[in-house]
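Next up is a structure, given as structure tokens.
Just so you know, all these numbers are worked out from the coordinates, no wet-lab data involved. All values derive from a computational prediction rather than experimental measurement. Heads up, the Cβs are rebuilt from the backbone with ideal geometry, glycines too, and the neighbour counts pull from every protein chain shown.
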Amino acid sequence: MDLQKIKDIVNSDLDNKSKEYKVLGVLAKDKKAIPTILEMLDRERKIKEEVQSEMNLLLSKAHIGLDNKKFNSGNFMQKEIIEFYTKYKDYVGHCFKNLNL
């Protein structure tokens, strides 16, 4: 990938639409660009699937803990939730609290 050429395009006086077109042209000439992008997309999909699966499990545990307090002894659910937000801090944000973990 010709990063210098991309840098020159980005720093040029062209309008944004022209910059995008020219950068895409540079990427289109790179034989590694498409396989690399596909790998990135695959990794992102896998992370999203993992987050969704773990979030579903966590919500199921929380539901059980709310229905029957014995399943939340020692603040088990609070610890599980904090662990989830810590593990996926780059992918899942807390809606009501800025967790600086």
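Within the bounds of the stretch 9-31, is there any residue that is outside any loop (DSSP other than H, G, I, E, B), hydroxyl-bearing (Ser, Thr, Tyr) and in contact with a Ser or Thr (Cβ under 9 Å, 6 or more places away or on another chain)?
The answer is yes, given that some residue of the stretch 9-31 is outside any loop (DSSP other than H, G, I, E, B), hydroxyl-bearing (Ser, Thr, Tyr) and in contact with a Ser or Thr (Cβ under 9 Å, 6 or more places away or on another chain).
How many residues, within the stretch 56-88, are surrounded by 15 or more Cβ atoms within 10 Å (Cβ to Cβ) and basic (Lys, Arg)?
Count: 1.
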